[in-house]
Structure formats: structure tokens, C-alpha cells
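K.L.:
Got a structure for you, questions after.
The values are calculated or read from the model by the stated rules, or taken from the named source; none is laboratory data. It should be emphasised that the depicted structure is a prediction, and the values quoted were computed from it without experimental measurement. Positions of Cβ are backbone-derived with ideal geometry, glycine not excepted, and every protein chain shown enters the neighbour counts. For the accessible areas, the whole protein counts, side chains as well, though only heavy atoms, and no ligand, DNA or RNA atoms are used. Shrake-Rupley method; radii C 1.70, N 1.55, O 1.52, S 1.80 Å.
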Amino acid sequence: MVARELFRMEATLRQHVSDFYVRSRVDTQAEAEAELTNLLFFSRWPLTDPEQTMRELLTKGPRQVCQYQFKKNDIVWICKSCQKDETCVLCNECFQDSEGKHEGHEVYFYHSQAGGCCDCGDEGAWDPKGFCNKHGKSLTNPLECIPIDIQNAGHCVMSQIIQELVNYCVHNFNCFDIATLKTSPPGEEVGYDLLLHNDDIHTIEDVTNALASLDISSGDAEGIATRVHSEGCATLGARSTLIDVTTRAEILLAACDPPLQVSVVNQHYTTREQTVLTVIHWLYRMAQVNDGMCRMICAALTVTHIRDIYVTDPRLSKKVAMNLHHLFLTLMADQEFKIASSTAYALAFSQVANLYVNGVGTQETCLFGLSVQFLNRSIYVDGMCYNYDFLTSVVNSLQNILLPTRGQFSTHPILLHRKYNPVLGDLKVIFTLPDTSRYFCATCIDQMLTVFRLFQFIHPQTREVFRHVEFEGREWMHAFNLYLGFSSLFDYLVNWFVNDTSIENIEGPVLLDPSAEGVEATSVFDPSSVEILPTAMDLMLTIISAIVEWQEDQTRVKQSFLDGGGQQASKWQTVACFPRDGETVTPSRSRYDDDGIDKSDGGDVELREGQKVEARY
């Protein structure tokens, strides 16, 4: 009898949620959220005031982690004595409520530029002795404060809400595939609209000129371009048939190189978007009530759900994307959700990075802002790297970013707009973990050195000696910015050199649990083939060898000056750079005399059996 009642309740609640998403009427946000809250109390219907019932029932359980999201100009506190790393901070309210717990500590504060969360209550980020009086009260099971009848209804409501949210994100993503939409079979006879979306590549002038291809006046085009820049997107023209709208979309795409970001949506788009925003805001409110409600929402968000949302994130509207990010930041107070979110991020990274560097999405709304929540903790990073090849995905993305720019180093949009920065930023955060940076040197250093080769001589500058240079070009700035981004990684990459074990080879990580609900590990770590982590000398030899190999390639392809009809020998000079084990070698004098004639036997020095390395200057 109980099972039959639960089945009937589940079917009823799922139908209510589905109807809530697809109905055409528009309620006020308060009315819509009250309707969703009412569904949680299905077993207690009828209720005159579901919001009051919510406040009475769900304010009993504590919130373990503060997770306050900083706004612009908020005061942010740093305590060097309590924080686990430099990214860990407290909000002003938690710091003031600490009642002298930071007395005598090295404490600083600054004004936030918006972004990030308060870590009070998170033992992985902050010393529990420095928690405020409100947070850090650990619960063995957060759901204990939620009555069982509300848990049963909540499971049905949350799971259906999340599934409908994922369906919306995937549908919205597919609306950018103009070619497929144009050839799709005719469906419901509704009107369609053409949407133009913001990006970081095109200027307002670029957009204005492109809109002229649709016979839009310059004044209207400039207004549309300005609205797209500020609001994230704008509708172009009146509602029409699918064929007409997709044809206009193709004209607009061809009017600009690289193409603008456009999508084709039906007449229900605005209503659906408002419904989705209402649902996200309601979930955000529920997650902040207490840890029990937060856990109910997190339980409905499987790794597959989170991955699907992450993959579609670059094409979500500005409002939806930013509200989703706020929701996810709040849910990351739950450690189980953080683990699921980090796994989903590893699985979605390549696709998200590829979209972003090709102009989809903006820096303001991109997904990369969430990654700092888990990339600075070994408990999350180990699973990402050892079970899901996250480091390989990052390096492959860097390679894919830079490959298209060859030959266009001074003009390519990827370099002009520094689209590589978020990828480098993720590496910098992850390299704060010495064990991870050493594992990277064991598994990805060859790929990374290949990436470095891609932009050698990115902007070689030559001195002008025969004429006056009236204006200096600024193309070198793009090369310099790229250089700064990569060079800033080096100190982090070798931070494990200070470890006592850096002078000896050691075994890599042990097998981690690859299980994740709804997702199989893409590359489960095999303990039978343990990775041997390199020594500091191994890494330096690898880097020197790559430099020598690159220089030899340059020597072979470089055109030398002709003198008397014969080709001059290369002016690259060679010195022995590393001794045999236990020996010292003094650098030899130049291999070539002033005439370029080889007067040595090569200058090689044997490091160990079968390995030779040269250094050139």
C-alpha cells in the first residue's frame, strides 16, 4: 500500500513539474516559487501558506559552510594563520563573528571585485579554530533535519526539475546549429525569431557592419549591437517561418569572419527562459535554507546532469548562465556535490575550452570562474587527473588553441583577445599542488614542450638601421602577453623541487575509486602500470633536450648568407652542459672559429648510458 502511494505521488509530482515548465501563462516570480514550494508538501495538502511552513520546518538545521558569494566592494578577510592556501577567505560577517579567534594572527583584508565565496566552516580550506560561531557545526547526515514525507516528495520534485533544466540547456544549445534546423522536418506551426549573442571577439562596429547584410539601418544596427553587448543577446526582426529565419541567419553568419553567434528560437523562448530563471532562483533559495535541503538538490544533480549543463554553458543566455553559476557556487558547500562537479568539469573541459577560444561565450559569463572552487584541493584534483585525464585534456586544449594561430600571430582573435588565459589560469591553480605538478611532469611535459615550440619566434623583432621608424607597431604586445602567461607557470611547475624526494624517482599515485553515478571513468588508473615520477634532474634534462632539438631544427631550415658562392656553416655554438653522474665538466670553447669552420669533434658529453645532451647558446 505504501509503495503504491509513493508511486502515485511520484507520478503526480513529476507531471506538475513538467506542466510548470511548458505552460504559456506567466505568473509573478513569488507566485511561481510558492507553487514549487507547495509541491514539497504534497503529503500535507492543502496548505494556506507553504512559504511559512517552509520557514518553520527547514530553519532547524544548521548551514555548515557559509559559501557567501562576494559582490563588488565587499570586504574580504585573509588570515595567513588559518587559511589552507591563498585562495581561502572569510566574509566580513563571519570574521566579525569570530570573537577574537584571529587575535595575534597575520590578517589582511581587501575589497572584492565580485566572485568567489566565503570558506568559513570548510575544514578543507580553513582551520576550524578560526571558524565563526555560526558555521562549522558538522552533521553526519544533513537530511536528518528534513521530515521523511518532505524527503520523499523532494526527491521526485528535485529530480524532475533538474531533468527539465538539462533538457532546456541541451535544446538551447542545439538552437545554434542553423544547418540542422533548416533541414529539420516541419513541426508545430509557430513563429521563429533570430537571436544575436554577445562574444569577446567582435566589436560594436563589427556587429553594426554585419547587420547591414540584413538591410538593417545603421542607426538601428548600432542600437542592436549596443544592446547585445550590455544584455548578452537581442532579437533581430519580427517573428517569421523557420525557413525565412534560418535563411537570414545564414546571411548574417556569412557577413563576418569569424562568424557572429546566432541562434533560432521559437516564439515560446522568452516564456521558457523566464520559467527557467524562476526555477534556478527557487533552487538557490532552497539550497540556502540549510544543509539538508542543499543535499536534496545535490542528490538530484548527477555527474551526467552537471556535465551536460557544463557543455552547454557557453551558449546559455547571460541571465541563465550567471544564475546557474550562483546556484552551483551555493551547492558547493556540499562536499559530495563538489566531487561530482569536479568530475563533470574534467569530462566537459575540452568541449567548453574549444567553444570559448573560438568566440562562443564571454569572459564575464564563462564556466572557468567556478573551477577555483575545487582545483586547489587534492581530494578533488586527484580524481580529475588520475581517473579522467584532466591534465591531458588541458594540454591538448592549449595545443588546439595555438595551432590555428600559426602564421597569424599578430592578428588572430585568439591572441588578440587572450582567449587562452582561462586555460592557463586552471593550470596555475592546479600546479599549486606539488604532487600534481610532478605528476604533470611525468605524463604531459612532452606535450607541453610541443606547445612551447608552436610560438617560438612568434614575433621576432629586427632593428631598422636604414630608415627612421615614425610609428612602432603594437603587434609585439600579443606575443609578449602570451609569453607572460606561459612563463608565469614555471615556478608553479617546479614547486616540487623543494621536496626531499625530488632527487629520486618515486612511484606515482595509487588507484583511486573511479565510480561516479551515471558516468564511467574515461581512463581509470591501472595500478599494475604505476607511473614513475621524475627527479628534478630528469625534468631539467628533458627541457634542455627539447631546447637543443628545437635549435637543431632551426639550424637546418635557416637560410645562411652566401659567401663566394658557397653556403656558410651555421653560427650556432655548442657547449657540454651536463656532466656524467658525479663528475664536473667545464664548458668547452666555441666549436667554430670566426670563419665558421668546425674545429671540434662535436662537444657531446655522455650523461648516462645511451643518453647524450647538448646545449647551444
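K.L.:
Can you confirm whether Leu195 is within 19 Å of Leu181 (Cβ to Cβ), touching a strand residue (DSSP E or B) at 6+ places or on another chain (Cβ under 8 Å), touching a residue at least 12 places away in the same chain (Cβ under 8 Å) and surrounded by 15 or more Cβ atoms within 10 Å (Cβ to Cβ)?
P.N.:
When the stated conditions are applied, Leu195 passes them.
K.L.:
Answer with yes or no whether Thr462 is open to solvent by 30 Å² or more (accessible area, probe 1.4 Å), closer than 18 Å to Thr542 by Cβ and either among the β-branched types (Val, Ile, Thr) or in a helix (DSSP H, G or I) (or both).
P.N.:
No: the conditions fail for Thr462.
K.L.:
Scan the range 286-310 for residues that are open to solvent by 30 Å² or more (accessible area, probe 1.4 Å) and among the charged types (D, E, K, R) and jot them down.
P.N.:
Correct list: Arg295, Arg307, Asp308.
K.L.:
Inside the range 64-107, can you point out the residues that are assigned to a loop (DSSP other than H, G, I, E, B) and acidic (Asp, Glu)?
P.N.:
Residues of the range 64-107 that are assigned to a loop (DSSP other than H, G, I, E, B), as a first pass: 64-68, 70-71, 80-82, 84-89, 97-106.
If the condition is that a residue be assigned to a loop (DSSP other than H, G, I, E, B) and acidic (Asp, Glu), then Asp85, Glu86, Asp97, Glu99, Glu103, Glu106 are the ones that fit.
K.L.:
Condition first: open to solvent by 50 Å² or more (accessible area, probe 1.4 Å) and more than 25 Å from Lys419 (Cα to Cα). Now tell me which residues in the range 162-174 satisfy that.
P.N.:
Gln163, Asn167, His171 - these are the residues of the range 162-174 that are open to solvent by 50 Å² or more (accessible area, probe 1.4 Å) and more than 25 Å from Lys419 (Cα to Cα).
K.L.:
Could we say that Tyr386 is aromatic (Phe, Trp, Tyr), assigned to a helix (DSSP H, G or I) and at pLDDT below 90 here?
P.N.:
yes
K.L.:
Of the residues Thr392, Thr405, which is of a type in the set (S, T, N, Q) and either touching a strand residue (DSSP E or B) at 6+ places or on another chain (Cβ under 8 Å) or open to solvent by 30 Å² or more (accessible area, probe 1.4 Å) (or both)? Can you show your working first?
P.N.:
Numbers: Thr405 fails: either touching a strand residue (DSSP E or B) at 6+ places or on another chain (Cβ under 8 Å) or open to solvent by 30 Å² or more (accessible area, probe 1.4 Å) (or both).
None of the other options fit; the residue is Thr392.
K.L.:
Further question: May I ask you to list the residues in the range 108-149 that are among the charged types (D, E, K, R) and assigned to a helix (DSSP H, G or I)? Please lay out each step first, then the result.
P.N.:
In the first step, residues of the range 108-149 are kept if they are among the charged types (D, E, K, R); the result is 119, 122-123, 127, 129, 134, 137, 144, 149.
Hits for the range 108-149 are Lys129, Glu144, Asp149.
K.L.:
Let me ask you something else. Just a yes or no: is a residue in the range 211-223 assigned to a helix (DSSP H, G or I) and under 30 Å from Thr278 (Cα atoms)? Give the derivation first.
P.N.:
Residues of the range 211-223 that are assigned to a helix (DSSP H, G or I), as a first pass: 211-214, 218-223.
With the extra rule that they be under 30 Å from Thr278 (Cα atoms), the set shrinks to 223.
Yes, the range 211-223 has at least one match.
K.L.:
Could you grab me the full set of residues in the range 357-397 that are touching a Pro at 6+ places or on another chain (Cβ under 6 Å) and among the aromatic types (Phe, Trp, Tyr)?
P.N.:
Phe368, Tyr386
Table: residues versus (1) open to solvent by less than 40 Å² (accessible area, probe 1.4 Å); (2) in a helix (DSSP H, G or I); (3) under 18 Å from Cys444 (Cβ atoms); (4) at pLDDT below 60.
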{"position": "His468", "(1), (2), (3), (4)": "no, no, no, no"}
{"position": "Phe471", "(1), (2), (3), (4)": "no, no, no, no"}
{"position": "Phe486", "(1), (2), (3), (4)": "yes, yes, yes, no"}
{"position": "Asp491", "(1), (2), (3), (4)": "no, yes, yes, no"}
{"position": "Trp496", "(1), (2), (3), (4)": "yes, yes, yes, no"}
{"position": "Asp513", "(1), (2), (3), (4)": "no, no, no, yes"}
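K.L.:
Could you grab the pairs with beta carbons closer than 9 Å, sequence gap of 6+ or different chains, first residue in the range 478-505 and on the phi < 0 side of the Ramachandran plot, second one open to solvent by 20 Å² or more (accessible area, probe 1.4 Å) and among the aromatic types (Phe, Trp, Tyr)?
P.N.:
Cβ pairs passing all conditions: His478/Phe409; Ala479/Phe409; Ala479/Phe455; Leu482/Phe409; Leu482/Phe455; Tyr483/Phe455; Phe486/Phe452; Phe486/Phe455.
K.L.:
Right, another one. Got a sec? Which of Val381, Val357, Val303, Val372 is β-branched (Val, Ile, Thr), touching a residue at least 12 places away in the same chain (Cβ under 8 Å) and within 24 Å of Asn167 (Cβ to Cβ)?
P.N.:
On the way: Val381 fails: within 24 Å of Asn167 (Cβ to Cβ); Val357 fails: within 24 Å of Asn167 (Cβ to Cβ); Val372 fails: within 24 Å of Asn167 (Cβ to Cβ).
Result: Val303 is the single residue among Val381, Val357, Val303, Val372 that is β-branched (Val, Ile, Thr), touching a residue at least 12 places away in the same chain (Cβ under 8 Å) and within 24 Å of Asn167 (Cβ to Cβ).
K.L.:
Taking only the range 55-83 into account, find how many residues are modelled with pLDDT under 85 and touching an Asp or Glu at 6+ places or on another chain (Cβ under 9 Å).
P.N.:
Number satisfying all stated conditions: 4.
K.L.:
Restrict the check to the range 501-509 and report whether at least one residue is under 20 Å from Phe440 (Cβ atoms), open to solvent by 90 Å² or more (accessible area, probe 1.4 Å), at pLDDT below 85 and not in a helix (DSSP H, G or I).
P.N.:
Yes, the range 501-509 contains a residue that is under 20 Å from Phe440 (Cβ atoms), open to solvent by 90 Å² or more (accessible area, probe 1.4 Å), at pLDDT below 85 and not in a helix (DSSP H, G or I).
K.L.:
Report, by residue number, each residue of the range 105-129 that is over 30 Å from the mean Cα position of the chain (by Cα) and in contact (Cβ under 8 Å) with a residue 40 or more places away in the chain.
P.N.:
Once the filter is applied, which keeps residues that are over 30 Å from the mean Cα position of the chain (by Cα) and in contact (Cβ under 8 Å) with a residue 40 or more places away in the chain, the range 105-129 yields only Lys129.
K.L.:
Please find, within the range 87-110, the residue that is farthest from Gly124 (Cα to Cα) out of those that are in contact with a strand residue (DSSP E or B) (Cβ under 8 Å, 6 or more places away or on another chain) and exposed (fewer than 12 other Cβ atoms within 10 Å of the Cβ).
P.N.:
Applying the filter and picking the extreme gives Tyr110.
K.L.:
Here's a follow-up. Within the range 271-285, how many residues are open to solvent by 30 Å² or more (accessible area, probe 1.4 Å) and either among the aromatic types (Phe, Trp, Tyr) or touching an Asp or Glu at 6+ places or on another chain (Cβ under 9 Å) (or both)?
P.N.:
The qualifying residues number 3.
K.L.:
Under 14 Å from Leu533 (Cα atoms) and within 22 Å of the chain's Cα centre (by Cα) - does that describe any residue in the range 448-457? Step through it out loud before you land on a result.
P.N.:
Restricting attention to the range 448-457, the residues satisfying the condition of being under 14 Å from Leu533 (Cα atoms) are none.
No.
K.L.:
Say we look at the range 311-339 and pick out the residues that are assigned to a helix (DSSP H, G or I) and of a type in the set (S, T, N, Q); which of these is most open to solvent (accessible area, probe 1.4 Å)?
P.N.:
Once the filter is applied, the top-ranked residue is Gln335.
K.L.:
Quick one: which of Asp177, Asp127, Asp149, Asp122 is closer than 20 Å to His325 by Cβ and either open to solvent by less than 60 Å² (accessible area, probe 1.4 Å) or out of contact with any strand residue (DSSP E or B) (no Cβ under 8 Å at 6 or more places or on another chain) (or both)?
P.N.:
Values: Asp177 fails: closer than 20 Å to His325 by Cβ; Asp127 fails: closer than 20 Å to His325 by Cβ; Asp149 fails: closer than 20 Å to His325 by Cβ.
Matching residue, one of Asp177, Asp127, Asp149, Asp122: Asp122.
K.L.:
Taking the range 229-270 only, how many residues are open to solvent by less than 30 Å² (accessible area, probe 1.4 Å) and aliphatic (A, V, I, L, M)?
P.N.:
Of the residues in that region, 9 qualify.
K.L.:
Just the residues that are surrounded by fewer than 21 Cβ atoms within 10 Å (Cβ to Cβ) and closer than 21 Å to His412 by Cα, please, taken from the range 209-228.
P.N.:
Of everything in the range 209-228, just one residue is surrounded by fewer than 21 Cβ atoms within 10 Å (Cβ to Cβ) and closer than 21 Å to His412 by Cα, namely Asn209.
K.L.:
Condition first: surrounded by fewer than 19 Cβ atoms within 10 Å (Cβ to Cβ) and of a type in the set (D, E, K, R). Now tell me which residues in the range 33-50 satisfy that.
P.N.:
Result: Glu35, Arg44, Asp49.
K.L.:
Oh, and also: Among the listed residues Thr208, Thr180, identify the single one that is assigned to a helix (DSSP H, G or I), under 33 Å from the mean Cα position of the chain (by Cα), closer than 15 Å to Arg248 by Cα and not hydrophobic (A, V, I, L, M, F, W, C).
P.N.:
The match here is Thr180.
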